[in-house]
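Chemist: Encoded as structure tokens, here's the structure I'll be asking about.
Just so it is clear, none of the values below were taken in a lab; they were calculated from the coordinates. Fair warning: this is a prediction, and the values are worked out from it, not measured in the lab. Cβ placement follows ideal geometry from the backbone for every residue including glycine, while neighbour counts extend to all protein chains displayed.
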Amino acid sequence: MPVTVKEMKDDAIINIQVNKNYYLMAKAASFIFLKSLNIEEKGDEYFKEMLSKKYEDLDPEQKAFFTIILLLSEIERQAKKDNLYEEKELLEPGDEGYVAPTVD
């Protein structure tokens with residue numbers, strides 16, 4: 001007996017709102033994916049394949065990383081379009097008042 005399921009339409013475009021905390025969480029997830037890809041061992045070509053190959057031809061790890069990168073890119077594009085960036089100065093080592101970052 002067939003089962004009825006709901007599926008997004010092929011031409012669906014979903015607008016979602018993302019706050020800075022979610023953006024930072026997605027960015028942190030991208031770093032976890034990047035570390036798991038072990039680029040140093042696999043070489044630069046493995047990483048560059050994400051831009052040169054079709055999505056269907058990527059391995060599962062490349063697909064997951066590429067998906068997160070596309071999400072981050074769209075968030076950043078929208079933030080720029082909506083003028084949601086602000087400039088701030090960051091002190092560098094040697095600057096007066098510089099405090100080295102720590103890991104808690």
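Chemist: For the chain, with a Gaussian network of springs between Cα atoms less than 10 Å apart, report the residue from I16, I39, I69 with the top mean-square fluctuation.
Modeler: Answer for the Gaussian network model of the chain: I16.
Chemist: Of K6/K35; K53/K88; K48/K81; K6/K42, which ones are farther than 29 Å apart at the Cα?
Modeler: Details: K6/K35 35 Å; K53/K88 38 Å; K48/K81 27 Å; K6/K42 39 Å.
Pairs exceeding 29 Å: K6/K35; K53/K88; K6/K42.
Chemist: Rg/Rh for the chain to two decimals, with Rh computed the Kirkwood way over all alpha-carbon pairs.
Modeler: Values: Rg = 19.1 Å, Rh = 17.5 Å.
So for the chain, dividing Rg by the Kirkwood Rh gives 1.09.
Chemist: Here's a follow-up. Per DSSP helix of 4 or more residues, -39500 (n - 2.57); summed, then divided by the residues of the chain. What does that give at 222 nm, rounded to the nearest 500?
Modeler: Values: 4 runs with 53 residues, N = 104.
One gets -16000 deg cm²/dmol as the mean residue ellipticity at 222 nm.
Chemist: What is the sum of charges, Lys and Arg at +1 and Asp and Glu at -1, for the other residues whose Cβ falls under 14 Å from the Cβ of I75?
Modeler: +2
Chemist: Which FRET efficiency value, to the nearest 0.05, is calculated for M8 and T102 with the Förster distance at 35 angstrom and r the Cβ-Cβ distance?
Modeler: Working from the Cβ atoms, E equals 0.20.
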